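S.K.: Handing you a structure now.
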Amino acid sequence: MTYSPSSDSGGAWQTIRKLPGRTPLRVKLITAVLALVAIALAVISIAGITVLRNYLLGQADGQLQFLAQQAGNTMQHYVFAGGTATGNGASITWIPTDGKAQQVVQPVRGLGSGATALPDPNIPSSASWLTAHAGQRVTVDAKSGDRKWLVEVYTRQVFNTPDGGSVTGTVILGVDVTSVYTTIGKLTSIDLIVSGIALAGLAVIGVAMVRSSLRPLVDIEQTAEGIAAGDLTQRVPERDPRTEVGRLGRSLNAMLAQIETAFRARADSEAAARTSEQRMRQFVADASHELRTPLTAIRGFAEYYRQRGGLDLTPNGPAPNGQPAGGNGTLPPADLDRIMRRVEQESARMGVLVEDMLLLARLDQQRPLDHRTVDLLTLAADAVHDARVVAPERSINLTVSSGAALLVLGDEVRLRQVIGNLMSNALVHTPDGTPIDVRLRSGSLDEGAPPAADPPLSAAVLEVADRGPGLTPLQAAFRKHHALQCGFCTPGMLTTAHALLTEEPDADKKRIREVLSGNLCRCTGYISIVDAVYEARAAYGTKDKGKT
């Protein structure tokens, strides 16, 4: 197992980037407010502490400057007479060249007899430190305790000695600034405590305010859940329209009202459709039942007429011995009139029922075929002209055989549609530049069929032929097997099967099923398109390998 730091860091970065999208809105708002307030409090505290520190240290700088003005006389007196002095919060240290540090002014706190000694500033005596901080003011710790001193280093100071000579060294002046840093520390602690309390209070108030402000959104969410559960009567509670949430709620309520109206209209439409379907079914059942009566009556009248032997044309009255009128069982004209009248009445009744059924059927029927005389030459010429406009680089020719005009009885719109589909197939399924020939001639409906005893029926034949590469032998074998075994697969499945034979001629049945995605066509003989592909390739063998 190989460890990749870059992949781990990339995953962590993606997790961080997706974090805002998974965080609730109330958490984002509260976090943003607290972060902004915390930044504002930090800026205010730092600015206040910085200003106070500069102010207090400025006062210490003034004290140090005043001490520097007195240091010359103090040092000269110390060199001549010796002895140390005391200073209230002030310190003067003398470090002769190649000598040890000597405390000239001992720092104390207070005046008179109540003064207490303070620890001296902890000043390094190394020449490098003194040279590096020459002429600078530096804050250093005391030799003991937690006190702090602001010191200033003066190097190469020369003083006269009692014997007429001179002495050279470094003078270090110091002022006690412990109170300054104590004040700054206390102020920092106060700022931290107050800021923490303020942030905690703001967090509590912010959570309450955000929850109260987002309550309308929660109501909208609950309303949406209720609507999703199927209750379209749910509405968002009305709020003050002067607020954003109020305007949003009003818009949502208007939208929900329209949605409810649309759903009710659809439900009413579906109910009406079901009612209409039920009424139609009931009517068809009733009509079927009612049609039995007139049909039975008409059939009875016809059988009665046939059994009685026809019409009686003799002038004699009724036959003797109680035989029916007309003799020999024939019908007199009066009976025939009555029978015909009844047949007419029952036929009219049946016609009404048939018209009602036809009216219902026409609600969903297509346009009936229009049988008129159509000139095929005009249709073929129009199709060739359209194809030449679409593919001007192709050679598209129209050939018409000599003879009578090729007029047929048919629907011109449907014929144009058929011819247009043939031309479109020739243009789409052949390479660019492939010539196309359209031939129009006289023929018969029995062309290509075995000879029959009846004379062939004459017909007009329109052929659309292209000079493209055609099917490969393997594809042709598939077409042959598929035509024998299954005739109801979709064009999309046939196209997929052809592509599979072209790109993967050695595919097994598992691969064929995988490509066709299980859309098997089981029809005549229960042979699937997968079996047709497999058997076509098996029948053709391996002769076509490398050619498909």
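S.K.: For a Förster distance of 35 Å, can you work out the FRET efficiency between the beta-carbons of Leu457 and Glu393, rounded to the nearest 0.05? Don't skip to the end; give the middle numbers.
M.R.: Working: r = 40 Å, r/R0 = 1.14.
With R0 = 35 Å, the Cβ-Cβ based efficiency is 0.30.
S.K.: Classify region 62-169: rounded, prolate or oblate, from the alpha-carbon gyration tensor (a ≥ b ≥ c, eigenvalue square roots; a/c under 1.5 rounded; otherwise prolate if a/b is larger than b/c)?
M.R.: Note, shape of region 62-169 comes out oblate.
S.K.: Using only the C-alpha atoms of region 19-234, find the volume of their convex hull and express it per residue in Å³. Can you show the working numbers first?
M.R.: Working: hull volume 35.5 nm³, N = 216.
Dividing the Cα hull volume of region 19-234 by its residues yields 164 Å³.
S.K.: Given region 19-234, what count of lysine pairs have C-alpha atoms under 24 Å apart, with each pair 8 or more places apart or on different chains?
M.R.: 4
S.K.: Follow-up question, since we're still on this one. Would you mind ranking Asp231, Asp141 so that the residue whose beta carbon has the fewest other beta carbons within 10 Å leads the list?
M.R.: Ranked by crowding around the Cβ, least crowded first: Asp231, Asp141.
S.K.: Same structure, new question: Got a sec to turn the phi values of region 240-246 into Karplus ³J(HN,Hα) couplings, 6.51 cos²θ - 1.76 cosθ + 1.60 with θ = phi - 60°, whole Hz, x for Gly and Pro?
M.R.: 5, x, 6, 9, 5, 5, x
S.K.: Here's another thing I want to ask about it. So how do Val33, Val104, Val51 line up by other beta-carbon neighbours within 10 Å, fewest first?
M.R.: Sorted ascending by nearby Cβ count, the order is Val51, Val33, Val104.
S.K.: Non-local amide H neighbours of Arg147 (under 5 Å, H modeled in plane, Pro and chain starts lacking H): which ones?
M.R.: HN-HN under 5 Å from Arg147: Ala142.
S.K.: Sort Trp94, Trp13 so the one with the fewest other Cβ atoms within 10 Å of its own Cβ comes first.
M.R.: Ordered from fewest to most neighbouring Cβ atoms within 10 Å, Trp94, Trp13 come out as Trp13, Trp94.
Here, each number is a calculation from the coordinates, and none is a lab measurement. Being a predicted model, the structure only gives us computed values, none of them experimental. Don't worry about glycine lacking a Cβ; one is built from the backbone with ideal geometry, like all the others, and counts go over all protein chains shown.
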